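Q: Sharing a structure below in structure tokens format, with a few things to ask.
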Amino acid sequence: MTEFDGLPVLRSPVAIAAFEGWNDAADASTAVVEHLEQEWGAEPIAALDPEDFYDFQVNRPTVTMSEGETRRIEWPTTRFSVATPPDAERDIVLIRGIEPSMRWRTFCEQVLEVCHSLEVSRIVLLGALLADVPYTRPLPVSGSAPRGIASTDATERLGLTPTRYEGPTGIVGVLHDACVRADLEAVSFWVHVPHYANNPPCPKATLALLHRVEEVLDLPVPTGDLAKESSEWEERLKLAAEQDAELAEYVRELEERSGDAGLQPLSGDEIAQEFEKYLRRRGGQAGPSATGAW
């Protein structure tokens, strides 16, 4: 059951959604929604009942204290909030949650049920994946264009790197397909996160997604301190490369390859293999972090 009694009446709303887990390398995509919640002062309006979708031994509930006395259980779930950007003629529905453990089709049905009740006209789906890209260059954003728009024109207008990925997918891909089947216009953006720098946060990746959100919404999106944090993130990686000749050489190789139009994100197995080669050159061993963000 979904908790969505008394939903507000919104103005031409567009939804933005991101989910923790496999779809969220370095937490870059959920950081976008969290950032917009804070910048736009979003108000919570609904949540899915987590009982049907989550394994609580995988995503455990947490105990919090209220007013220093009352203990309260917070359950892992997917929540909806509404933001009203300054001077905008539309409201924004922000959807932030966790990739479900089970019943994905029912999960998508309930997400779309809330969107339908709110009269959402378009949903923007965000994801982040690990890829062999240099941190020194703009991080590529791949994705798919809205239905009904010429693919080539939309790809150029939205600044997308066309994706040719085939293989396992996550809840973002499944929800996108559900939107298409329900005749709800959907666009997805996937930022490519350097696999050798996959520890969250990755402000440069979050900023890249925010720019795409700004373009598709056609309204100013506040970036806050993300530009500064992105520069600091790059400086830390630059320092690490200066102290590690193998890493510096690897980044140079990626820079040389970054102009290749055929550049594609790596699969989890391919990333693991690349990372193991890199670590072997350093005399180290690959660990869970090699593919942990997947």
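The values are calculated or read from the model by the stated rules, or taken from the named source; none is laboratory data. Keep in mind it's a predicted model, so treat the numbers as computed, not measured. All Cβ positions, even for glycine, are placed from backbone atoms using ideal geometry, and neighbour counts span all protein chains on display.
Q: Among the residues of region 125-138 satisfying the criterion of being modelled with pLDDT under 95 and closer than 25 Å to residue 96 by Cβ, which is farthest from the chain's Cα centre (by Cα)?
A: Here the residue is 131.
Q: Considering region 193-211 alone, what residues qualify as being more than 15 Å from residue 233 (Cβ to Cβ) and either of a type in the set (Val, Ile, Thr) or under 12 Å from the mean Cα position of the chain (by Cα) (or both)?
A: none
Q: In addition: Given the criteria out of contact with any helix residue (DSSP H, G or I) (no Cβ under 8 Å at 6 or more places or on another chain) and modelled with pLDDT under 95, does residue 74 qualify?
A: Judged against the criteria, residue 74 is a match.
Q: Taking the condition among the polar types (S, T, N, Q), under 23 Å from the mean Cα position of the chain (by Cα) and exposed (fewer than 14 other Cβ atoms within 10 Å of the Cβ), does residue 57 pass? I'd like the intermediate steps shown before the answer.
A: Details: among the polar types (S, T, N, Q): yes; under 23 Å from the mean Cα position of the chain (by Cα): no; exposed (fewer than 14 other Cβ atoms within 10 Å of the Cβ): yes.
Criteria not met by residue 57.
Q: Return yes or no: is residue 205 crowded, with 19+ Cβ neighbours inside 10 Å and without any contact (Cβ under 8 Å) to a residue 24 or more places away in the chain?
A: Values: crowded, with 19+ Cβ neighbours inside 10 Å: yes; without any contact (Cβ under 8 Å) to a residue 24 or more places away in the chain: no.
Answer is no for this residue.
Q: When you look at residue 44, is it at pLDDT 90 or above and closer than 25 Å to residue 202 by Cα, yes or no? Give the steps one after another, and end with the answer.
A: Working: at pLDDT 90 or above: yes; closer than 25 Å to residue 202 by Cα: no.
It is false that residue 44 is at pLDDT 90 or above and closer than 25 Å to residue 202 by Cα.
Q: While we're looking at this one, here's another question. Do we find a residue being of a type in the set (A, V, I, L, M, F, W, C) and in contact (Cβ under 8 Å) with a residue 60 or more places away in the chain anywhere in region 60-80?
A: Yes, because at least one residue in region 60-80 is of a type in the set (A, V, I, L, M, F, W, C) and in contact (Cβ under 8 Å) with a residue 60 or more places away in the chain.
Q: Among (1) modelled with pLDDT under 90; (2) part of a helix (DSSP H, G or I); (3) surrounded by fewer than 17 Cβ atoms within 10 Å (Cβ to Cβ); (4) more than 22 Å from the chain's Cα centre (by Cα), there is one condition residue 278 misses while meeting the rest; what is its number?
A: Condition (3) is where residue 278 drops out.
Q: Sticking with this one: Taking only pairs six or more apart or across chains, which ones have beta-carbon atoms under 9 Å, a first residue in region 29-47 that is free of Cβ contacts under 8 Å to residues at least 60 places away in the same chain and basic (Lys, Arg), and a second residue that is part of a strand (DSSP E or B) and surrounded by 16 or more Cβ atoms within 10 Å (Cβ to Cβ)?
A: none
Q: State yes or no: is residue 108 modelled with pLDDT of 90 or more, in a helix (DSSP H, G or I) and farther than 21 Å from residue 216 by Cα? Break it down into steps so the answer makes sense when it comes.
A: Numbers: modelled with pLDDT of 90 or more: yes; in a helix (DSSP H, G or I): yes; farther than 21 Å from residue 216 by Cα: yes.
Here the answer is yes, as residue 108 does meet what is asked.
Q: Please indicate, with yes or no, whether at least one residue in region 77-93 is assigned to a loop (DSSP other than H, G, I, E, B), in contact with a Phe, Trp or Tyr (Cβ under 8 Å, 6 or more places away or on another chain), buried (at least 20 other Cβ atoms within 10 Å of the Cβ) and at pLDDT 95 or above.
A: Checking region 77-93: at least one residue is assigned to a loop (DSSP other than H, G, I, E, B), in contact with a Phe, Trp or Tyr (Cβ under 8 Å, 6 or more places away or on another chain), buried (at least 20 other Cβ atoms within 10 Å of the Cβ) and at pLDDT 95 or above.
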